[in-house]
Each structure stands twice: as structure tokens, then as C-alpha cells.
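To start, the structure under review is shown below, and the notes come after it.
The values are calculated or read from the model by the stated rules, or taken from the named source; none is laboratory data. Bear in mind that the values here come from a model prediction, so they are computed numbers and not experimental data. Note that we place each Cβ from the backbone using ideal geometry, even for glycine, and neighbour counts take in every protein chain shown. In case anyone asks, the SASA skips ligands and DNA or RNA and just uses the protein heavy atoms, side chains included. Shrake-Rupley method; radii C 1.70, N 1.55, O 1.52, S 1.80 Å.
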Amino acid sequence: MKTALITGITGQDGSYLAEFLLKKGYKVYGLVRRISTPNYWRFNHILDKVILIEGDLRDQASLNHAVRTSQPDEVYNLAAQSYVATSWKQAEATTEITGLGTLKMLEAVRHFAPKARFYQASSSEMYGNATENIQDEQTKFSPRSPYATAKLYAHWIAVNYRESYGMYVCCGILFNHESPRRGIEFVTRKITDGVARIKHGVASELIMGSLESKRDWGFAGDYVEAMWMMLQQDKPNDYVISTGQTHTVREFIEASFKRAGIHDWEKYVKQHAIHMRPAELHVLQGSSDRARNELGWIPKTDFHGLVNMMMDADLQRVAQEVQIKQWQTTSSSQPNTIPSSVISPLPPLQ
């Protein structure tokens, strides 16, 4: 039985990867930060199958302890401060966690599990406003945010540890990948959650930034399989993971409203400068030819399948919220007790 250690297991990618590895028969450890209210909603359905270790990417001793304890065959470094907008407000913290945290994790693995295979979560944000229309492993990096800059440091330090210490280190340069488990602060979930609230009458508008920015959007569940595939190869390498197709924010909005059965979407959408990035990216489109040829990886979920999956999940979530509030408002006895007949339970998130 192989053992894997996942940093960032509470996030979107971490939860899908933990699920994937468990199905492969792995023993899965997850690094979690100590917080007053645990944030395990993305993987509650497998919580009893993973082993959680407290640690923090800013604390070398805790990372050393996590690696010594788990003795992993594979390490997936997914943890980061990953929200671009927040990186402008918390540039130093983003650099410390996303950038230097990777260095600390590599050091822990080098000293306490030197034969472990290491996956570093790099990002298409590192390309910035690239001069090439399509970005691949040879495209010049030009980061346009503190988050992207921190990711670029993490990427290059991972490459240097591979080349200088002979460690098995792969960097996955992942383009945007979404799911029903995406954080509400990201534009795709902001859209699907907002549309669901409009559909159920608990919101009247959706406030957005740029509608013309284009992204290469894929499904996170497909992308974590590529992470695993990278670590199964004879030699480590870096791979772009993408669908190779782009869609605008406007298209994502239109498809979301359509799935919700609302066709006059323009009257609900408002733009505001506060949601514009200080340095906006306009087009990111990746070529995953190397991954397709060397790994045999291909995305299984197309754009509309992704939008529909996310939209259906948020419609169900908001409907349940509405039912709960209605019950609490109308019930005069035991207002905190909600009978099962009032709502149907949500299935595990896709």
C-alpha cells in the first residue's frame, strides 16, 4: 500500500485528490492548519478514511513532523493562499505561505523522506499576459499579481531542488479548474451561487468585474488525476494541464442562467470597478500536448458539463437553505430542530 501526504487537503483539489487516491488503495494523510472551526465540508464523506496531521506551511518544525510521521511515498503540495484578489491585500502573507511554504515543504521531504515523489501545484497565473496566444511548458512567465509571483518562486525552487538534489519533483502548471467545491470567492462559484439565489428569489442581482476576460476552464476532478499520473512516470517533468479551449466570463454567466431557466440574464448582472483586478489578465489558454502524449491524460468534462454540474449543485444548496429558513421562521416550537421531512438530504458533492 502506498502512502500519500496532501497539503491543502481541505481545499477543492485536496478533497478530490484524497478521494481519488483512496480509490487507488492509498493510505492518505492530510496536513491541516489548527483553526477554531474546522473547515472539512469538502471531504466530510471520507473524513473517517484519511489521517489528519496539524501543521502550517509557515512552520518548518510542523512540516518536518508531518513528513516524519507519514513517511509518504508521494507528497502533493496543494496548500496556498490561492485567491488572487486577496494576494493584493495580503501580499506578504501570500508570499510567505504560497512561496516560502513550498521551500519549507521541500526541505522537510529532502531531510525526512528523500525518496518520496513530490508534486508542486504551479499555476497558469504565472504566465500573466503572455505574448503567445497559447501557453505551454516553454512559454515565458510574466506574473501579474502577488499570488502569481509567489507561485513562480515556488515553481522555480521546486525545479531547482529536482536538479540540484536529484529529488523526484514534478510541477503541474494547471489552468483554471472548477467544481461544486470551489470556494465562493472565486468567480465561477460566485456566478453559480449568485444565479441560484436569483432563481430562488433571495437575491436580485449579480455584481461582477470584467465580463470579457477569457479563461481555460476545466473540472478539478479531471485535473487531480493528472497530478497522480505525473508521479507515476519513470522520470519527473513539468506539465501544463488544460482543456485548450477558452470561454469568457460572459459565456459562463449566460450558460449558468440558461441552466437555471432564466434567459433574460442581462437585467440581473451589474458591473462594478471594485471587482476589477489592479492588473487584469485577459486571455489564458493552455496546450497540454505534453501531458496528453506522455501521460495519456485527457479532460473528460467539457465547459457546459462543468457549468451544469456547478449550477445544479448550487441550485440544490440554495433550495435547501430556503427550506431551512422557512421552517425556522414558521415553526413556533423547537425552532432549532428541523425534521427530515422538511428537506431532502444533499448527496456528497461531485
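Can you say whether G101 is under 28 Å from W217 (Cα atoms), open to solvent by less than 50 Å² (accessible area, probe 1.4 Å) and either in contact with a Ser or Thr (Cβ under 6 Å, 6 or more places away or on another chain) or modelled with pLDDT under 95 (or both), as far as the supplied structure shows?
No.
Check A108, A121, A130 and return the single one that is within 26 Å of V187 (Cα to Cα) and surrounded by 22 or more Cβ atoms within 10 Å (Cβ to Cβ). Walk me through how you get there before you give the answer.
Details: A108 fails: within 26 Å of V187 (Cα to Cα); A130 fails: surrounded by 22 or more Cβ atoms within 10 Å (Cβ to Cβ).
Result: A121 is the single residue among A108, A121, A130 that is within 26 Å of V187 (Cα to Cα) and surrounded by 22 or more Cβ atoms within 10 Å (Cβ to Cβ).
State which residue pairs qualify: first residue assigned to a helix (DSSP H, G or I) and inside the range 302-324, second residue open to solvent by 40 Å² or more (accessible area, probe 1.4 Å) and among the polar types (S, T, N, Q) in any location, beta carbons under 6 Å apart, and separation of 6 or more residues or different chains.
Matching pairs, first to second residue: M309/Q350.
One residue is enough: does the range 71-85 have a residue meeting the conditions open to solvent by 30 Å² or more (accessible area, probe 1.4 Å) and free of Cβ contacts under 8 Å to residues at least 12 places away in the same chain?
For the range 71-85, residues open to solvent by 30 Å² or more (accessible area, probe 1.4 Å) and free of Cβ contacts under 8 Å to residues at least 12 places away in the same chain: absent.
Give just the number: which of (1) modelled with pLDDT of 90 or more; (2) of a type in the set (G, A, S); (3) in contact with a Ser or Thr (Cβ under 8 Å, 6 or more places away or on another chain) does G296 not satisfy?
All conditions pass for G296, except number (3).
Having 1 or more residues that are surrounded by fewer than 24 Cβ atoms within 10 Å (Cβ to Cβ) is the bar; report the strands (runs of 3 or more DSSP E) wholly within the range 156-273 that clear it.
Result: 168-174, 206-208, 269-271.
Residue by residue, here is whether (1) loosely packed, with under 13 Cβ neighbours inside 10 Å; (2) part of a loop (DSSP other than H, G, I, E, B); (3) in contact with a helix residue (DSSP H, G or I) (Cβ under 7 Å, 6 or more places away or on another chain) holds:
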position	(1), (2), (3)
A4	no, no, yes
I9	no, yes, yes
S15	no, no, yes
F20	no, no, yes
L31	no, no, yes
I35	yes, yes, no
N44	yes, no, no
I53	no, no, yes
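Given the structure, is K49 of a type in the set (K, R), in contact with a Lys or Arg (Cβ under 9 Å, 6 or more places away or on another chain) and surrounded by fewer than 23 Cβ atoms within 10 Å (Cβ to Cβ)?
Answer is no for this residue.
Look through the range 61-70, keep the residues that are open to solvent by less than 60 Å² (accessible area, probe 1.4 Å) and polar (S, T, N, Q), and return whichever of them is farthest from A154 (Cα to Cα).
Looking at the filtered set, the residue picked out is S70.
Somewhere in the range 65-80, is a residue among the polar types (S, T, N, Q) and either in contact with a His (Cβ under 8 Å, 6 or more places away or on another chain) or modelled with pLDDT under 95 (or both)?
No - not one qualifying residue is present in the range 65-80.
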